[in-house]
Amino acid sequence: MTRLETEIGRGKLVIETGEMARQSDGAVVARYGDTVVLATVVAEKRVKEGLDFFPLTIDYQEKAYAAGKIPGGFFKREGKPSEKEVLTSRLIDRPIRPLFPKGFFSETQGIASLLSFGEENISDVLGIIGMSSALMLSDIPFNGPVGAVKIGSKEGQLIVNPTLAEAEGLDLNITVAGTEEFIVMVEGGANEISESLLLEAIDTAHAEIRKICRFQHELREKAGKPKREVVPPAKDEEFKQKIKDLVLGQMSECLVIPDKLKRQTALDQIRAEAIEKLNDPENDRSREISDLFFDIEKELVRAMIINENKRADGRRPDEIRPIYGKAGFLPRAHGSALFVRGETQALCVATLGTSEDEQKIDALEGESYKTFMLHYNFPPFSVGEVKFLRGPGRREIGHGALAERAIRPMIPPKETFPYTIRIVSDILESNGSSSMATVCASTLALMDGGIPIKAPVAGIAMGLVIEGEKIVILTDILGLEDHLGDMDFKVTGTDKGITAFQMDVKKAGINRDIMAQALERARAGRLHILGKMSEVLSAPRENLAPHAPRIYTMQIKPDKIREVIGTGGKVIRGIVEETGVKIDIDDSGLVNIASADEASAMKAKEIILGIVAEAELGKVYKGKVVRITDFGAFVEILPGVDGLVHISQIAHKRIAKVTDVLQVGDEVDVKVIEIDKQGRVRLSRKELLKQDE
C-alpha cells in the first residue's frame, strides 16, 4: 500500500492506494479528518464498434453507514440517488471530463463512494481529488491532475474548506477546481458579494489546488501504471478541403441567420446535400462527412467571432438579446411571470404553502426542512425535439439548484414570512442560458405574488473564444456559442453584488485577467437585465395574490400547547373541521393559522384564544355553575378554567344553603377577586349586585 499526506487549509489530506478495490484500473482512498471517500475508475479495454464519442459516466454515492445511520423507508437500503448525490456527481464530472485526450473512446466509469462522513463537509471535494488521483494512477489516458477546495468567506475573512458548523452564515461558499496552471470549474453561492472578493477567493483556492496537483504527481511517480497509447483519429485533410470547397459559401450565409431553427434547418440541408454528392455507397463515409462538416462549422463560427467581432445572430460581443416579460397573467396562480430573452423563454410560477408543505431532507448531515424550493423543467418541445417525458435528469436538477441558490439569499426569513415557497420553471423555448432566464422569471413571479424579497435578482451567461493570442468575451451566449466556445460562465446577483456563480472551462488558458474582464462584463449585463425587469415589476406587489393562503400568527404559552392540541389531537382537529383552516404550532407556542378566508382564520383564532385564555384579576365573566359544595359553587369562566364563589360571596344577605340561590347549569356573572400563587381563582357574585338585591 502507498500512502501520502499533505497539509491543505487547516487539515491533512491523505491519499492511500493499493489496499482497496485492486481490480479496478485505478483506486484511491482519500481522507480529510473523519471524511473518507473511495474513488475508483475502470475503462473498457476495447472500443465498441462504431463509437465516435467518449462515453464517460461519473457517479457519487453516499452510504448511510458513513454517518452511522440506517436508511429510512420500507427496504432499509439506499435507493435512487438523492438530489445531493446527483449534484455532486455533476460537480466531479465537470472538471474531469475536458481533460481526456481526443480520440479516447473507451467506455469509462468513475465511482466516488462516501465511506465516512465527518464535520469537515468536504465529501464532494474529496470526490474530485480522489477521482483525479485514481485516473492519474491508472493506465487510462488523462491530462490531469485536478485539485479542488471549498472557499468560504465570513466578515471578509476567507476560510479554506469551511466545516459544517462554519458553513452557516457564510457570505460566500464556493467549490473551485483546477489544474496547476488554470482554474477549470467554479460553483457556489454568495450573499451579494463583490467581484473583487470572488476573484480573491479563487486566487486563494488556486494556491491550495497547486499543492494538491503536485501531491498527485508524486503519488503517480510512486504507484502509477503505464498509460495506454491513444492514437487520435486521423482526419483526411484533403477530403475536408473538398467538403469545405463545396459548402463554404452556403454555410457562411446560413451561419448568420438569426433564427435558431431556420439556421439549423439550412445547415442540415447543406450537410445532406454534401453527403449526397460526396459519399460513395460502396464505401460509406457519411459519418466522416458529418464530422468534418461540424469541424468546418466550428472553425467558421469562431473565425467570425475572432476576426469580425460578429456573432451568429448578428450581435456585437457585448450585446444582449432583446428582452421582454410579463407578470400576473395566470389567474389562479399565486405569482406568475414570463421572461423572454431572444429565443429563450422561461415561464415561472410561484406557489405559497404552509409548514405542511415544507420538504423534509433526510441527509447524512441530519434531518432538515426546506421552505424554499425551485424546480426546473426542460421539455423537448423547447428545442423542437420529440422525446419521452421522464423524471428530472441531472441537467434539470443542476439548473434548478443553480437558480435556487441564486435567489435563496433574497427570500425573507420564516420568522417574518411564515410561508413555504415553491417555484416551478418551465422552459418554453431555449437557445442558450435557460437557467439564467429562470432566475429572472422566478424573481418576477415572486414579486408578482407579493412575496417581500430583499431585492430583485438577474442572471447572465458569458462565453469565451480563444484562438492563439486573440480573445473575445461574449455576453449573453447562444446555445451554439456555448457548444462551440471555450467557456460557460454564469453569474447571478442583485444591483449590489453576486448571489451565485458557475464556471466551466473547456480549454486551458483561462487566467485571472480574463476572469476579471468577464466578471465586469457580467456585472454590466446583469444591471442592464435588472433595468429591463423593473419595467415589468420594480418591487413586490403590496398584497398577496387573491388565491394565496393567508397566514395569521399568534403566540400562546408553551404550557398551553397541549390544551390546544387535546388528547390525541382531538381539539385541534375539531377546530380545523369547524373552520376549514390549517393550524401549525411549534414548540415555542407560535401558532400559524392558514386560510384563504379571513373570517375562518379569525374564527379559529378566537377559539384558540378561548382555550388558552387565563383569568384576569378584577375582570367580570359570564360563567356556568359546574359544581356545588356546602361552602360554595364552582363556576367555569373560561374553557378549562373555573373558580370558587364562596357562600359568603353569593349574595349580600346571609344564605343558609348554596342551592337556595344557585343550581348546577345556571349562568351567572362573576368577578375575579383573587388569584393565589397556585393559580386558584376566587370569584364573587355579590360584588356585582346592588345592596338592596
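Does at least one position in the stretch 192-199 carry a residue that is assigned to a loop (DSSP other than H, G, I, E, B) and touching a residue at least 40 places away in the same chain (Cβ under 8 Å)? Yes, some residue in the stretch 192-199 is assigned to a loop (DSSP other than H, G, I, E, B) and touching a residue at least 40 places away in the same chain (Cβ under 8 Å). Is it fair to say Thr175 is of a type in the set (Ser, Thr, Tyr) and part of a strand (DSSP E or B)? When the stated conditions are applied, Thr175 passes them.
Sub-9 Å Cβ pairs linking a first residue in the stretch 605-630 that is among the small types (Gly, Ala, Ser) to a second residue that is part of a loop (DSSP other than H, G, I, E, B) and surrounded by 12 or more Cβ atoms within 10 Å (Cβ to Cβ), at least 6 apart or interchain, are Gly610/Pro639; Ala613/Pro639, ordered by first then second residue. Taking the stretch 345-402 and the strands (runs of 3 or more DSSP E) fully enclosed by it, the elements with 1 or more residues that are in contact (Cβ under 8 Å) with a residue 60 or more places away in the chain and assigned by TED's automatic domain parsing to the domain that holds Ile460 are at 359-363, 372-377. When restricted to residues that are part of a loop (DSSP other than H, G, I, E, B) and within 29 Å of the chain's Cα centre (by Cα), the stretch 108-141 contains 6.
Conditions (1) at pLDDT below 90; (2) among the small types (Gly, Ala, Ser); (3) more than 17 Å from the chain's Cα centre (by Cα), marked per residue:
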site	(1), (2), (3)
Gly449	no, yes, yes
Lys454	no, no, yes
Ala458	no, yes, no
Ile473	no, no, yes
His483	yes, no, yes
Met487	yes, no, yes
Val491	no, no, no
Gln517	no, no, yes
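Would you check if there is a residue in the stretch 19-32 being on the phi > 0 side of the Ramachandran plot, in the same structural domain as Thr175 (by TED's automatic domain parsing) and either at pLDDT 95 or above or buried (at least 18 other Cβ atoms within 10 Å of the Cβ) (or both)? The answer is yes, given that some residue of the stretch 19-32 is on the phi > 0 side of the Ramachandran plot, in the same structural domain as Thr175 (by TED's automatic domain parsing) and either at pLDDT 95 or above or buried (at least 18 other Cβ atoms within 10 Å of the Cβ) (or both).
Among the residues of the stretch 247-263, those identified as under 13 Å from Ala312 (Cα atoms) and crowded, with 16+ Cβ neighbours inside 10 Å are Met251, Cys254, Leu255, Ile257, Lys260, Arg263. Scanning the stretch 9-18 for residues that are under 31 Å from the mean Cα position of the chain (by Cα), in contact (Cβ under 8 Å) with a residue 60 or more places away in the chain and surrounded by fewer than 22 Cβ atoms within 10 Å (Cβ to Cβ) yields Gly9, Arg10, Gly11. Glu577 meets all of the listed conditions (1) modelled with pLDDT of 90 or more; (2) within 22 Å of Lys557 (Cα to Cα) but one, namely (2). Among the residues of this structure, Thr494 does not count as one that is buried (at least 24 other Cβ atoms within 10 Å of the Cβ), more than 26 Å from Leu261 (Cβ to Cβ), in contact (Cβ under 8 Å) with a residue 40 or more places away in the chain and touching a strand residue (DSSP E or B) at 6+ places or on another chain (Cβ under 7 Å). In summary, Cys440 fulfils each of the numbered conditions (1) at pLDDT 95 or above; (2) out of contact with any Gly (no Cβ under 6 Å at 6 or more places or on another chain); (3) under 26 Å from Ile92 (Cβ atoms) with the single exception of condition (3).
Candidates in the stretch 608-621 are the residues that are in contact with a helix residue (DSSP H, G or I) (Cβ under 9 Å, 6 or more places away or on another chain) and surrounded by fewer than 16 Cβ atoms within 10 Å (Cβ to Cβ); of these, the one that is farthest from Arg332 (Cα to Cα) is Val620.
Among the residues making up the stretch 46-77, those that are aromatic (Phe, Trp, Tyr) and either under 15 Å from Thr108 (Cα atoms) or assigned by TED's automatic domain parsing to the domain that holds Gly366 (or both) are Phe53, Phe54, Tyr60. Can you say whether Thr553 is polar (S, T, N, Q) and within 23 Å of the chain's Cα centre (by Cα), as far as the supplied structure shows? No: the conditions fail for Thr553. Inspect the stretch 244-263 for any residue being in contact with a helix residue (DSSP H, G or I) (Cβ under 8 Å, 6 or more places away or on another chain), assigned to a loop (DSSP other than H, G, I, E, B) and either more than 30 Å from Asn431 (Cβ to Cβ) or of a type in the set (Phe, Trp, Tyr) (or both) and give the result as yes or no. No, the stretch 244-263 contains no residue that is in contact with a helix residue (DSSP H, G or I) (Cβ under 8 Å, 6 or more places away or on another chain), assigned to a loop (DSSP other than H, G, I, E, B) and either more than 30 Å from Asn431 (Cβ to Cβ) or of a type in the set (Phe, Trp, Tyr) (or both). Scoring Ile151 on the criteria (1) among the β-branched types (Val, Ile, Thr); (2) crowded, with 24+ Cβ neighbours inside 10 Å; (3) not in a strand (DSSP E or B) leaves a single failure, condition (3).
Scanning the stretch 203-224 turns up no residue that is in a strand (DSSP E or B), among the β-branched types (Val, Ile, Thr), under 26 Å from Gly463 (Cα atoms) and touching a Leu at 6+ places or on another chain (Cβ under 7 Å). Examine the stretch 41-57 for a residue that is within 16 Å of Ala363 (Cβ to Cβ), surrounded by 15 or more Cβ atoms within 10 Å (Cβ to Cβ) and modelled with pLDDT of 90 or more, and state whether such a residue exists. No, the stretch 41-57 contains no residue that is within 16 Å of Ala363 (Cβ to Cβ), surrounded by 15 or more Cβ atoms within 10 Å (Cβ to Cβ) and modelled with pLDDT of 90 or more.
Taken over the stretch 68-89, the criterion of being part of a helix (DSSP H, G or I) and in contact with a strand residue (DSSP E or B) (Cβ under 8 Å, 6 or more places away or on another chain) is satisfied by Lys84, Glu85, Thr88, Ser89. Among the conditions (1) loosely packed, with under 15 Cβ neighbours inside 10 Å; (2) of a type in the set (Asp, Glu); (3) at pLDDT 85 or above; (4) in contact with a strand residue (DSSP E or B) (Cβ under 8 Å, 6 or more places away or on another chain), the only one that Glu636 does not satisfy is (1). Within the stretch 198-230, the residues that satisfy the criterion of being of a type in the set (Val, Ile, Thr) and in contact with a Gly (Cβ under 6 Å, 6 or more places away or on another chain) are Ile209, Ile212, Val230.
Looking across the stretch 154-163 at every residue that is in a loop (DSSP other than H, G, I, E, B) and exposed (fewer than 15 other Cβ atoms within 10 Å of the Cβ), the one that is modelled with the highest pLDDT is identified as Glu155.
The values are calculated or read from the model by the stated rules, or taken from the named source; none is laboratory data. What you see is a predicted model, and the numbers here were worked out from it, not measured in a lab. A quick note on method: Cβ atoms are made from the backbone with ideal geometry, for glycine too, and the neighbour counts reach across all protein chains shown.
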